[in-house]
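These notes are about the structure you will find just below.
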Amino acid sequence: LPLRNLYSTLGIDRALNLLGAGDRYGWPVLVVDGGTALTFTAGDDQTLIGGAILPGMGLQFKALGTETAELPDVHLAGAEPPRWADSTADAIRSGVFWGQRAAVLDAAMTWWQEYPQGNVVITGGDGPQIYASLETLSSKANLHHDPELAFLGIKAYRRGALGEIDLAPQ
């Protein structure tokens, strides 16, 4: 891919998301992918800066339901759970959801401290819920939700959108 500083174990989904986000929204960009794993992938000037990986919401729910003796198997039931729950099932929903939100909010705020004009683009299966939970920031021009980032990355690669970088296999 036409990105610098990639490492051999970087998932192709993360690289394509980064390429797609950089091509559509500009650099620097932080991609937040709310999938099986919650991943953060940062780049500037077609160069991977780095990132982080956490268990996604579904994986956290599954782990709590299967790896603990007394906790029930629950899932996020549509709307935001209450912050202060009054049942074990709702407490799990609250902890997982608000913990994910806190991780994303912290990453975004840190990103904007380091790159004040940088974009944050949220994608993935949990992307709509994560983005909606950040509604207080949604007026920020550089916070976006885009479910098509990987496809945009493929498209950018295929058309050579970043032509100054050699697309030949290395």
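Ranking LEU64, GLY95, TYR25 by Cα position along the charge dipole of the chain, where only Lys, Arg, Asp and Glu carry charges on their C-beta atoms, puts TYR25 farthest toward the positive end. In this structure SER8 has an accessible area near 120 Å², from a 1.4 Å probe over the protein heavy atoms.
Counting only protein chain heavy atoms and rolling a 1.4 Å probe, the accessible areas of GLU70, GLU135 rank, largest first, as GLU70, GLU135.
Anyone know which of ALA79, ALA37, ALA63 comes out most mobile in the 10 Å Cα GNM of the chain? Greatest mean-square fluctuation among the candidates belongs to ALA79. Accessible surface for the chain, divided over its residues, is 52 Å² per residue with a 1.4 Å probe. The packing ranking of peptides 125-131, 16-22, highest mean first, is 16-22, 125-131, where packing means the average number of other beta carbon atoms within 10 angstrom of each residue. Rounded to the nearest 20, the size of the Cβ-charge dipole of the chain about its Cα centre is 340 debye, with Lys and Arg at +1 and Asp and Glu at -1. For the stretch 71-162, the list of trypsin sites (Lys or Arg not before Pro) that fall in a loop by DSSP and count at most 14 other C-beta atoms within 10 angstrom reads ARG83, LYS140. Here, P(r) means the percent of Cα pairs in each 10 Å bin from 0 to the largest distance; for the chain it is 10, 37, 30, 16, 5, 1. Between helix 88-114 and the chain there is an angle of about 30 degrees, using the helix long axis and the longest principal axis of the Cα atoms.
Let a ≥ b ≥ c be the square roots of the eigenvalues of the Cα gyration tensor of the stretch 1-69; is it rounded (a/c under 1.5), or, if not, prolate (a/b larger than b/c) or oblate? Here the stretch 1-69 falls in the prolate category. Taking each residue as 0.36 nm, the span from ASP73 to ALA132 lengthens on full extension beyond its C-alpha to C-alpha distance by 18.8 nm.
What does the C-alpha gyration tensor say about the overall shape of the stretch 65-127? Classify as rounded when a/c is under 1.5, otherwise prolate if a/b is larger than b/c, or oblate. Here the stretch 65-127 falls in the prolate category. Taking a ≥ b ≥ c as the square roots of the eigenvalues of the Cα gyration tensor, the stretch 96-148 is classed as oblate, since a/c reaches at least 1.5 and a/b does not exceed b/c. Distances longer than 20 Å among the Cα atoms of the stretch 27-99: what percent of all pairs is that? So the pairs more than 20 Å apart make up 42 percent of the total in the stretch 27-99. Structure remark: mean-square fluctuation, Gaussian network model of the chain, C-alpha springs under 10 Å; the largest value among GLY58, GLY78, GLY124 belongs to GLY78.
The values are calculated or read from the model by the stated rules, or taken from the named source; none is laboratory data. Remember, it's a predicted structure, so these values are computed and weren't measured experimentally. Cβ atoms come from the backbone with ideal geometry, glycine included; neighbour counts cover every protein chain shown. With ligands, DNA and RNA removed, areas are computed over all heavy atoms of the protein, side chains included. Shrake-Rupley method; radii C 1.70, N 1.55, O 1.52, S 1.80 Å.
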